[in-house]
1. Take the alpha carbon gyration tensor of chain B, find the square roots of its eigenvalues, order them as a ≥ b ≥ c, and report rounded if a/c is under 1.5; if not, report prolate when a/b exceeds b/c, else oblate.
2. Within a 10 angstrom radius of the beta carbon, how do B:Asp162, A:Asp345 rank from fewest other beta carbons to most?
3. Report, in order of residue number, the helices in chain B meeting two criteria: a C-alpha extent of 18 Å or more along the helix axis, and a mean Kyte-Doolittle hydropathy of at least 0.0; treat each whole DSSP H run as one helix.
4. Measure off 7 Å from each Cα along the Cα-to-Cβ vector at B:Val44 and B:Glu88, then give the distance between these two points in nanometres to one decimal.
5. For chain B, what is the mean residue ellipticity at 222 nm derived from helices alone (per DSSP H run of n ≥ 4: -39500 (n - 2.57); sum divided by total residues; nearest 500 deg cm²/dmol)?
6. Would you please name the trypsin sites (Lys or Arg not before Pro) within segment A:198-281 that are DSSP coil residues with at most 16 other C-beta atoms within 10 Å of their C-beta?
7. Under a plain spin-label model, where a point goes 7 Å from the Cα along Cα-to-Cβ, how far apart in nm are B:Thr124 and A:Gln305?
8. So for the pair A:Leu176, A:Gln271, with labels modelled 7 Å out along Cα→Cβ, what separation do we get in nm?
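Derivation of every value follows stated rules applied to the coordinates shown; laboratory data play no part. This one's a predicted model, so the numbers in the text were calculated from it and none came from an experiment. Positions of Cβ are backbone-derived with ideal geometry, glycine not excepted, and every protein chain shown enters the neighbour counts.
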Amino acid sequence: MHNSNSHDDIAIAICDVVKNYDHFCAIKNISLEIKDSEFFTLLGPSGCGKTTLLKMIAGFEQISTGEILLYGKQIANLPPNRRPVNTVFQNYALFPHLTVRQNIKFGLQMLGKNDSECNRRAAEMLELVQLNSFAERYPLQLSGGQQQRVALARALAPAPQVLLLDEPLSALDLKLRQSMRTELKQIQQDTGITFIFVTHDQEEALVMSDRIVVMSEGQVQQVGSASEIYEAPSNKFVANFIGETNFLSVDVKSAIGDYAQCRIADGTSLQCSFNKVHTGDTGVISIRPERISFCSAQQGDLRGQVSQRIYLGTDVQIVVKLPGDELIKVRMQNSNLVAIPNIGDVLGLKLEAGAAHLLEH
Amino acid sequence: MATVIAPNSTTAESSNHSSLVGNIRDWLLMPSWLVIGLFLVMPVLMMLVYSFLTKEFRGGVIWEFSLAAYDQFFIDRGLFGDEPIKIEWTYINIFWRSFWQAGLATTFCFLIGFPTAWYIATRTGNSKHIWLFLITIPYWVNLLIRTVSLKFLIRDNGPVNDWLLTLGAISEPLSIINTNLAVQLGLFYSYLPFMVLPIYASVERYNFALSEAAADLYAGRWTILAKIVLPAVKPGIIAGCILVFVPSLGAFLAPDLLGGAKNFMIGSLIEEQFKGNAGNWPFGAAISMILLSMVLVVLTYYARSQTRRENS
């Protein structure tokens, strides 16, 4: 399936992997290729199988069928301690009876590295995560953010071929989480190690990842860069899960090239882009709230009455009710330059070119 | 005026209030203090005092200070008390044998108790509770009855020997009764749950993600057990060992009923001093005090070494 040339730039290849439990199927045939030195994110709601997939790469879960290749080598049958990958655990799983330094040295010692090598590498890692002055503390004497860094340093110390991160930021508070995002990304770029990051937080995924796989119910929904997934969702699930969007049910009238002519419930016609062959004569269109602007009621692609105005600080969200009773969210910047509509105003809505995406139901 | 006075009066009220609460708390604690004082501290103090009194021949004490009990324990003056002073080894040997037996019993209890506790703690759902329940069932029966039953089971023509003979595993009955092995069996059977339960509690709290983390960092099974699991569940193991070792040391039912005269332990020695007319209360009290102080020394040493480790 893979020729020998591709082994160097494909860090992990997941081929037709299935995971069955007694009563349900956690992973329904997934194939993925994760490139060397890539920040790759497994994104999905809880129960979508993303953590199971990560655990199968780490070796804590056995795969039912399929293969997992690490730089071309089959690893699916190796126990966790024989796989050259390391994990940053969700709740860090730091060894409570060992100091920060001892925690970081643990993996190196298990690999049989000599003392001076262990100490040198531990010092390097402490430097990397800026915890030099905490080296002799025990994990319980550290804050959540510091524990997080120790977990990262411990997993990076043996220089794994791939680093697995299982929702490592979910236990931190918002501010810390945001600063750790940039830091993690920075560390990934500095070390050049392939990161496989699991999260249910779409913002986290968009900010850090080179590529994202969106998963749902044990299946891959879409793989692509952050902008690909946000701008051109391949189905309704992805459009809904990533960011905010408006859905309108439509009848498809005609489809020529990359564009389709659709009609919404009140009879208005809209031009939509679509990136997949569309079958059937009904569908749903997705329009991002920030791709809509207001104009006078006579102009615009759609028309409706403002029913709600929500103040969000940097933005204002306006909810407009269309004649067919559908609600459309519109986001506009909170600025003095543009007049913000009032409740009850009847206005036209103008869509940016390519803002409306036709998706299957 | 009123505004100036008000803060003062509130502070006065609140301090009154808190001292009142303090009083109530003290009063509510009184029953506990009384029970502990009367039933825990007093008996030990009585033993301490008795050990320094003169014995009455038909049991009991004469209120007259004497070191005779301790003298009898440590010093050998010959049969008629006129020979040169030597160390009396009889009782020290009994102590030594008791510590050895208790240590051995503790080791066996740990070797069997740890996997048992681990097994129970790693069951899911209801079966965990059923196992725990099963472990405690024998304790609904009096220890004496259980020990006697054990004696019947292992005696020369008892069921164990019968089965082994029928199965052809042995050609003549094993004499288990009146041996060290029998005492060990008795102690093991008596105190196993005291090992299982605290270890179970520790293992149940153990974060299994730590084992995964260690495996992820290239540790094999045995390394994980030695370097990660054992340190984490150590408090339970220590509690279990103390709970088995201390009562084993003072046990008298198992050694008496199963061990016979050769396998005398401290517990039996003490028991004898308080039984019937042949007893010697001050001597029994003195042995108890010596035992108590030895146990305290061991536990204090252990506690010290623990705090030292934690501070370092």
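1. Values: a/c = 2.10, a/b = 1.16, b/c = 1.81.
Oblate, because a/c is 1.5 or more while a/b does not exceed b/c.
2. Details: B:Asp162 11, A:Asp345 17.
Lowest to highest Cβ neighbour count: B:Asp162, A:Asp345.
3. Values: long enough: B:2-36 (50 Å, 0.32); B:89-121 (45 Å, 0.78); B:180-205 (36 Å, 0.89); B:230-249 (27 Å, 1.81); B:281-311 (44 Å, 0.50).
Helix filter hits for chain B: B:2-36, B:89-121, B:180-205, B:230-249, B:281-311.
4. Each label point is offset 7 Å from its Cα along the Cβ direction, giving 2.5 nm.
5. Details: 13 runs with 213 residues, N = 312.
Result for chain B, helices only: -22500 deg cm²/dmol.
6. Values: sites: A:Arg211, A:Lys236, A:Lys253, A:Arg263, A:Lys276; in loops: A:Lys276.
Of the trypsin sites (Lys or Arg not before Pro), the ones in loops of segment A:198-281 whose Cβ has at most 16 other Cβ atoms within 10 Å are A:Lys276.
7. My value for the distance between the label points is 5.5 nm.
8. A separation of 5.2 nm, rounded to one decimal place.
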